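Written out below as structure tokens is the structure these notes cover.
What follows is calculated from the coordinates using simple rules that are stated; it is not laboratory data. Bear in mind that the values here come from a model prediction, so they are computed numbers and not experimental data. Cβ sites come from the backbone with ideal geometry, for glycine too, and all protein chains shown count toward neighbours.
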Amino acid sequence: DAMVIQNPRYQVTQFGKPVTLSCSQTLNHNVMYWYQQKSSQAPKLLFHYYDKDFNNEADTPDNFQSRRPNTSFCFLDIRSPGLGDAAMYLCATSRDLTGGNEQFFGPGTRLTVL
Amino acid sequence: QQQVKQSPQSLIVQKGGISIINCAYENTAFDYFPWYQQFPGKGPALLIAIRPDVSEKKEGRFTISFNKSAKQFSLHIMDSQPGDSATYFCAAMSQGQNFVFGPGTRLSVLP
């Protein structure tokens, strides 16, 4: 029944050690998003894919990369995690970018950087 | 102009009371206004949404009031329950653009 699945739910990494978070969807949606959410803050959009078209937010650090090998999967790569990258990472999908399209969020991956 | 302001930052309500959260925006191109509910350790989930062509939308105990001229919208939770305790985010979107989220309101409903 799960629609947006994120693995792992909890990830611990060391300072500077690359880490990959994964997201999969069963909704066959065109758009997949990655958000960063820090404690008591709103989700902050990092980037999104519309199909294979990658759209990076202007203020997303170069340290964050993403891959979408097919419709169902999307990965977030953090090349050299810093202590400030500790956060909840949320994946979301929507059918397209027209107004009124609900974004469906996954449960998130909580990243700890030691 | 892309900001969405939200207040209050936190709200404590007695069981059975009315919870009211307010949001305001500047960008008149916004044409879709959803509210998301987020429980601790979970992703946000859509609660209710409205378009600017209506002034009010009600779903069960949840109502959105929308004032287009004032560029404000609000969420009312009637008969608030302890299970409603969560963080609520308003958001706004324009055609072809991404969501802009408000900063969130942490609601606590006391039993």
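Could you pull out every one of the lysines with an alpha carbon less than 24 Å from that of residue B:71, ignoring same-chain neighbours closer than 8 positions?
A:44, B:5, B:57, B:58
Determine, for each peptide in A:61-70, A:44-53, B:100-109, the mean count of other beta carbons within 10 angstrom over its residues, then list the peptides with the highest first.
The peptides rank, most packed first, as B:100-109, A:44-53, A:61-70.
Just how far, in whole angstrom, is region B:46-111 from region A:1-42 if you go by their alpha carbon centroids?
25
Working from the alpha-carbon coordinates of region A:4-105, get Rg over Rh, Rh being the Kirkwood radius.
Rg/Rh: 0.95.
In debye to the nearest 20, how big a dipole does chain A give about its Cα centre with +1 on each Lys and Arg Cβ and -1 on each Asp and Glu Cβ?
340
Just want the answer: with Cβ charges of +1 for Lys and Arg and -1 for Asp and Glu, which residue in A:36, A:83, A:46 is farthest toward the dipole's positive end in region A:31-114?
Looking along the dipole axis, the top candidate is A:83.
Using a ≥ b ≥ c from the Cα gyration tensor of the protein assembly as shown (square roots of the eigenvalues), is it rounded, prolate or oblate, where a/c under 1.5 gives rounded and otherwise the larger of a/b and b/c decides, a/b for prolate?
prolate
Per residue of B:39-51, count partner chain C-beta atoms within 10 Å of its C-beta, then hand back the mean as an integer.
For peptide B:39-51, the averaged partner shielding equals 4.
State to the nearest 20 debye the size of the charge dipole of chain B about its Cα centre, where the only charges are +1 on K and R beta carbons and -1 on D and E beta carbons.
My answer is approximately 120 debye.
Determine how many Å³ per residue the convex hull of the Cα atoms of region B:4-104 encloses.
Given the Cα convex hull of region B:4-104, per-residue volume reads 95 Å³.
Summarise the partner chain shielding of A:106-114 as one whole number: the mean count of Cβ atoms from other chains within 10 Å of each residue's Cβ.
Taking the mean over all residues of the peptide, I get 1.
Reachable aspartates and glutamates from residue B:68, Cα under 14 Å, same-chain residues fewer than 8 places away excluded?
B:26, B:31, B:53, B:56
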